[in-house]
């Protein structure tokens, strides 16, 4: 009697698309086969750019995994993107004619939380290009912030950079003192006066301002009081955001994002002491999400077939 050939283990794709970059991993049978990084993945700041970044990161991950480009059609994709908390963007990305075997879409917040707590309940704060908080520990997940730049994202890299530029413009008009921060921002942007500065920042997106966050912290390291006050204000907001999330009793909370190591020392002490290191990155959270969704769909299909 001939044995039935076993189907190959599914190839999973995990995507984490944020305001500055998109990360991808190829995963199979408890092993990461390849990784890739590309540009911004938030469709709020450009749908085509977001889609291009997802495809580019995936292609780079396939190359890193030494898999054929045609393998993209075999991928079970878990995709977490910033911006898809807005219903019209979620619908637009959902309706995208993607090249994957199947795509399960959710927010970058959701996959960050799943990754931070190894697929279990918990809460997460993201402080990168943008800022937001998410708790998934009850019947209804709680989202705090996630309103987007420039009308939200306080305490984020983009907000820090934008706040620094506001101060520089005031100083150039003689309405605030010129400080180390003024000099550093002017030097980085190559601007000698307010008109040159306004020209440099006109129409720029969140990623542009987020790059100035490093300049703010450089000024902090030199004792610049304006920069210190900006960081303190942002950190105070993140501390309050954490307290709001703790009200949901998540059990475990992490802070992630490129800004988190620099911001941690400025958080309120009792908040910082309760934070736990993330157990896995957001792109791994996207894998957990895809696995959960695929298993749920298979269970539903089986129940339907047996009915």
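The values are calculated or read from the model by the stated rules, or taken from the named source; none is laboratory data. Just so we're clear, the structure is a prediction, and the values are computed from it rather than from any experiment. Note: ideal-geometry Cβ built from the backbone for every residue, glycine included; neighbour counts use all protein chains shown.
Summary table below
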{"quantity": "Odd one out for residue 129 among (1) in contact with a helix residue (DSSP H, G or I) (Cβ under 6 Å, 6 or more places away or on another chain); (2) assigned to a strand (DSSP E or B)", "calculated": "(2)"}
{"quantity": "Of the criteria (1) surrounded by fewer than 16 Cβ atoms within 10 Å (Cβ to Cβ); (2) in a helix (DSSP H, G or I); (3) out of contact with any helix residue (DSSP H, G or I) (no Cβ under 8 Å at 6 or more places or on another chain), which one residue 264 fails", "calculated": "(3)"}
{"quantity": "Subset of region 105-135 that is modelled with pLDDT under 90 and under 17 Å from residue 252 (Cα atoms) - its residue that is surrounded by the fewest Cβ atoms within 10 Å (Cβ to Cβ)", "calculated": "120"}
{"quantity": "Residue satisfying condition, being outside any strand (DSSP E or B), within 14 Å of the chain's Cα centre (by Cα), within 20 Å of residue 25 (Cα to Cα) and free of Cβ contacts under 8 Å to residues at least 40 places away in the same chain, within set 109, 114", "calculated": "109"}
{"quantity": "Residues (outside any strand (DSSP E or B), more than 22 Å from residue 211 (Cβ to Cβ) and at pLDDT 90 or above) located in region 4-28", "calculated": "10"}
{"quantity": "The lone exception for residue 87 - which of (1) at pLDDT below 95; (2) more than 19 Å from the chain's Cα centre (by Cα) it fails", "calculated": "(2)"}
{"quantity": "Failed item in (1) over 18 Å from the mean Cα position of the chain (by Cα); (2) modelled with pLDDT of 95 or more, with residue 234 passing the rest", "calculated": "(1)"}
{"quantity": "Pairs where the first residue, in region 83-104, is in contact (Cβ under 8 Å) with a residue 12 or more places away in the chain and the second is assigned to a loop (DSSP other than H, G, I, E, B), C-beta under 6 Å, 6+ apart", "calculated": "83/42; 85/146; 89/83; 90/84; 93/84"}
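So that you can scan it fast, the table gives a plain yes or no per residue for (1) crowded, with 17+ Cβ neighbours inside 10 Å; (2) in contact with a strand residue (DSSP E or B) (Cβ under 7 Å, 6 or more places away or on another chain):
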| residue | (1), (2) |
| --- | --- |
| 165 | yes, no |
| 170 | no, no |
| 200 | no, no |
| 215 | yes, no |
| 224 | yes, no |
| 233 | no, no |
| 239 | yes, no |
| 256 | yes, yes |
| 270 | no, no |
